[in-house]
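Every read-out reported here was derived from the displayed coordinates using simple, explicitly stated rules and does not represent laboratory data. Bear in mind that the values here come from a model prediction, so they are computed numbers and not experimental data. Don't worry about glycine lacking a Cβ; one is built from the backbone with ideal geometry, like all the others, and counts go over all protein chains shown.
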Amino acid sequence: MSSEFAIRTEDLRRVFRTRKREAKKQKREVVALDGITFKVPRGELFGVLGPNGAGKTTTIKILATLLTPTSGHAWVAGIDVAADPKGVRHHIGMVSGGETSGYGLLTVEENLWMFSQFYGMETRAARARIRELLAVVGLSDRAKTKIYHLSTGMRQKMNFVRGFLTEPEILFLDEPTLGLDVQTARTLRGFVSNWLREHPDRTILLTTHAMHEADELCGRVAIIDRGRILACDAPSNLKRDLKHEAVVRLRIGGLEDVRPIVATVPSVSRFSQTAHDDCVEADVILANDAVLTGLLAAVEAAGGTLLSLEKRAPTLEDVFLDVVGHGFEESSGGGAS
Amino acid sequence: MFWRTVCGRAYPRVIGSQREKSWIFFEILLPLLQVTAYVFIYRAIEAPPEFLGFVVLGGAMSAYWLNVLWSMASQLYWEKETGNLELYIVAPTSRMAILLGMALGGMFQTTLRAAAIVTIGSLLFRVPMTVTNVPVLLGVFLTTLVALYGLGMMLSSLFLLFGREAWHFSNLLQEPVSLVSGFYFPVRALGQVIAAAASALPITLGLDAMRQLLFPSMMESLRFLSAEVELGILTGSAVVFLLLAHRALAHFEKLARREGRLTVRGQ
């Protein structure tokens with residue numbers, strides 16, 4: 001295996017088997033990954049995009065040596081993750097969203113120092129690097145704060161510092177901005193972009209279900225649903241493929257479910273809806289603009305009122321809708337995480 | 001990297017835990033209350049004063065047993081629940097170094113508590129101790145700790161695979177061990193067979209040997225085996241438990257990775 005690729009998977013499959021005792025009530029097997037294959041060249045920020053249960057975290061756990069695949073292969077830094085997990089660990093780092101790691105009675109600085117020791121960092125170098133990174137994420141004034149006093153956002157900033165502290169060759173970011181406020185998420189995204197710019201030889205694999213995050217950060221994204229990769233390309237290419245179609249968001253009052261109406265209209269490529277208290281918001285991808293007239297007529301005939309209509313440039317969310325065939329909210333996933 | 005990891009993981013126990021002063025109440029005063037109860041029983045039946053020493057020593061050593069059960073054996077369960085375990089596994093360091101750091105930190109933390117129990121208990125109840133051989137006493141004490149924490153390291157690897165089930169196992173061990181190991185009386189009182197079976201736990205022989213070295217005349221007729229033999233067995237146990245811990249850790253980590261149990265919380 002050449003190490004030209006920082007990450008490579010080949011027909012990766014992971015099945016979780018329910019234990020006998022629990023199997024009476026639940027299904028016996030959950031297919032979390034159903035044969036995924038992708039390659040990430042060195043220096044790329046690669047996104048894995050999908051709804052909850054799509055298999056994103058399972059992919060990261062396999063690559064980070066926390067889980068073995070049921071079948072197939074994965075290589076990180078050219079090393080087989082199943083055959084030589086110890087070898088892989090010298091090359092990787094990991095930050096997960098909603099992480100609560102560390103010890104509450106230790107300060108931010110002490111926690112970070114502790115984790116640096118697990119990578120064999122010399123104490124003086126570790127402390128200098130911790131100070132530097134805390135300043136970058138705006139957490140310098142909290143260096144001496146015990147971590148149980150930190151807010152969720154501050155804690156996640158600390159986790160980011162932990163992940164980048166050892167300057168790993170390959171970094172796994174698993175939904176890193178999950179549950180964070182807009183400002184903190186933006187700060188961390190900026191941090192990731194800058195770090196990669198300063199370290200062009202490093203590779204990041206980011207899983208997220210935040211489309212704008214993937215759009216903003218990733219060189220390429222793989223759209224994954226129910227354990228399968230459905231599309232894999234640069235966000236701009238994926239969106240370009242949709243440009244010949246019309247992407248429209250409708251807000252319709254007076255109806256609770258517009259799906260049966262849409263089903264009667266030909267040439268609606270994709271459809272997803274979100275119900276609100278006063279209306280239904282429907283995202284539709286139409287084969288061409290002319291289809292819109294027929295759709296609106298059908299809505300009106302069913303007693304619905306058009307509250308607003310927005311035709312816009314395709315986003316990654318539209319790409320997802322187009323590729324997967326349903327919106328994020330409607331995806332049941334494969335049960336994995 | 002091995003020793004840096006040991007120091008790094010010991011740090012939260014050495015420094016962090018001292019920051020919460022409630023430990024003085026929960027880990028010194030409460031055990032002393034239990035010791036006091038036994039002291040009054042022995043006084044009521046007019047037992048020789050050395051028996052008060054047996055109780056104080058047992059009370060101090062019980063702190064180590066509780067530390068091994070709840071802060072060594074069960075620790076990886078907590079680490080899994082808080083998300084630290086994932087980071088330990090992903091790090092390129094040795095898992096044994098992490099366990100060793102936990103053990104050394106735990107020993108330090110518990111020694112403060114045990115020393116306080118011995119000091120306060122001895123002064124309060126005027127325990128007549130005669131230290132006959134300090135180096136051997138220290139040797140027995142340290143060997144007992146190595147064997148005991150080796151056992152804790154071995155048990156902790158079980159928690160990589162099992163969650164709450166192993167938690168129940170710890171619960172199950174707590175009280176029976178304090179009985180069969182003779183925390184508050186010489187283990188020989190239980191009979192040779194039970195004493196021999198209880199010798200699988202390092203604290204049984206450690207306590208018996210230390211009592212022999214601290215209360216030689218009283219223990220002459222109450223000892224289970226000679227202190228030298230007990231030290232020999234303890235040394236063997238220490239080696240065996242550490243080796244088993246190493247093997248068990250590698251085995252259970254592999255199994256847990258395969259079954260996907262390393263990161264599943266709330267098991």
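Taking each of A:239/A:311; A:61/B:254; A:86/B:254; A:157/B:21; A:39/B:80; A:56/A:157 in turn, the alpha-carbon distance tops 19 angstrom for A:157/B:21; A:39/B:80; A:56/A:157.
Could you tell me how many degrees, from 0 to 90 and to the nearest 10, lie between the Cα long axis of helix A:152-165 and the main elongation axis, the longest principal axis, of the Cα atoms of chain A? With rounding to tens, the tilt is 60 degrees. Taking Cα centre as origin and charging only the Cβ of basic (Lys, Arg, +1) and acidic (Asp, Glu, -1) residues, the dipole magnitude of chain B rounds to 680 debye.
I'd like the antiparallel share, as a percent to the nearest 5, of DSSP beta bridges with both residues in the protein assembly as shown.
Working: 44 of 63 bridges.
For the protein assembly as shown, the DSSP antiparallel bridge percentage is about 70.
When chain B is treated as a GNM with alpha-carbon contacts under 10 Å, the residue of B:56, B:193, B:131 showing the greatest mean-square fluctuation is B:193.
Placing dummy labels 7 Å off each Cα toward the beta-carbon, the span from residue B:123 to residue B:200 is 4.1 nm.
So what's the back-of-envelope 222 nm ellipticity for chain B, counting only DSSP H runs of four-plus at -39500 (n - 2.57) apiece and dividing by all residues, rounded to 500? Could the numbers behind the result be given before it?
Details: 12 runs with 194 residues, N = 267.
Calculated at 222 nm, the ellipticity per residue is -24000 deg cm²/dmol.
Between residue A:4 and residue A:312, the modelled label-to-label distance comes to 4.0 nm, taking each label 7 Å out from Cα in the direction of the beta carbon.
Exposure proxy shown here: for B:183, B:25, B:54, the number of other Cβ atoms within 10 Å sets the order, fewest to most, as B:25, B:183, B:54. For the range B:2-259, averaging the sequence separation of C-alpha pairs within contact (under 8 Å, six or more residues apart) and dividing by the residue count gives a relative contact order of 27 percent. A helix-only calculation puts chain A at -9500 deg cm²/dmol for mean residue ellipticity at 222 nm, using -39500 (n - 2.57) for each DSSP H run of at least four residues, averaged over all residues. Relative contact order, whole percent, for chain A stands at 22, derived from Cα pairs under 8 Å and 6 or more residues apart.
For chain B, modelled as a Gaussian network with Cα springs under 10 Å, which listed residue fluctuates most, B:151, B:231, B:142? Of B:151, B:231, B:142, the most mobile in the Gaussian network model is B:142.
Quick one: net charge of residue A:81's neighbours, Cβ under 11 Å, K/R +1, D/E -1? Intermediate results must be reported in sequence, preceding the final value.
On the way: positive: A:8, A:61, A:86, A:89, B:257; negative: A:80, A:84.
Net of charged neighbours comes to +3.
A simple charge model with +1 on the Cβ of Lys and Arg, -1 on the Cβ of Asp and Glu and nothing else charged puts the dipole of the protein assembly as shown at about 1360 debye relative to its Cα centre. In a fully extended conformation the segment linking residue B:251 and residue B:43 would gain 69.9 nm over its present Cα-Cα distance, using 0.36 nm per residue. To the nearest 10 degrees, how steeply does helix A:182-198 sit against the main Cα axis of chain A, on a 0 to 90 scale? It is inclined by approximately 60 degrees. Taking neighbour counts of Cβ atoms within 10 Å as a proxy for exposure, in what order, fewest first, do A:311, B:80, B:21, A:239 appear? By the 10 Å Cβ count, ascending, the order reads B:21, A:311, A:239, B:80. The stretch between residue A:240 and residue A:186, if pulled fully straight at 0.36 nm per residue, gains 16.9 nm over its current Cα-Cα span. Distance from the Cα centre of the range A:58-110 to that of the range A:245-271, in angstrom? Taking the Cα centre of the range A:245-271 as reference, the centre of the range A:58-110 is 43 Å away. Please work out whether the range A:244-312 counts as rounded, prolate or oblate from its C-alpha gyration tensor, where a ≥ b ≥ c are the square roots of the eigenvalues and a/c under 1.5 means rounded, while otherwise a/b larger than b/c means prolate and anything else oblate? In terms of gyration-tensor shape, prolate. Within the straight-line cut-off of under 15 Å between alpha carbons, the aspartates and glutamates reachable from residue A:144 are A:109, A:110, A:132, sequence neighbours fewer than 8 places apart in one chain being disregarded. Close amide H contacts of residue A:222 (hydrogens built in the peptide plane, cut-off under 5 Å, sequence separation of 5 or more or a different chain): A:47, A:48, A:49.
What FRET efficiency, computed as 1/(1 + (r/R0)^6) with R0 = 41 Å and r the Cβ-Cβ distance, is obtained for residue A:84 and residue A:141, rounded to the nearest 0.05?
Rounded to the nearest 0.05, the efficiency is 0.45.
Taking the C-alpha atoms only, the angle from helix A:123-136 to the longest principal axis of chain A is near 30 degrees. Placing +1 on the Cβ of every Lys and Arg and -1 on the Cβ of every Asp and Glu, with nothing else charged, gives chain A a dipole about its Cα centre of roughly 1380 debye. Here the residues A:283, A:277, A:141, ranked from fewest to most Cβ neighbours within 10 Å of their Cβ, fall in the order A:277, A:141, A:283.
Sequence-ordered 3J(HN,Hα) estimates for the range A:4-12 from the Karplus curve with 6.51, -1.76 and 1.60 and θ = phi - 60° stand at 4, 9, 5, 9, 8, 10, 9, 6, 6 Hz, glycine and proline given as x.
Each 10 Å bin from 0 upward holds the following percent of the Cα-Cα pairs of the protein assembly as shown: 3, 15, 21, 19, 16, 11, 7, 4, 2, 1, 0. Taking a span of 20 Å or more along the helix axis (Cα atoms) and a mean Kyte-Doolittle hydropathy of at least 1.0 as the rule, the DSSP H helices of chain B that qualify are B:30-44, B:50-67, B:95-125, B:134-161.
Please report how far the C-alpha centroid of the range A:187-232 lies from that of the range A:276-307, rounded to the nearest whole angstrom. Value for the Cα centre distance between the two parts: 33 Å.
Positive end of the dipole of the range A:244-312 (Cβ unit charges, origin at the Cα centre): among A:292, A:304, A:252, the Cα lying farthest that way belongs to A:292. With a ≥ b ≥ c the root eigenvalues of the C-alpha gyration tensor of the range A:1-134, is it rounded (a/c under 1.5), prolate (a/b larger than b/c) or oblate? The shape class here is oblate. Each of residue B:36 and residue B:115 was given a label point 7 Å from its Cα along the Cα-to-Cβ line. The distance between the two points is 2.4 nm.
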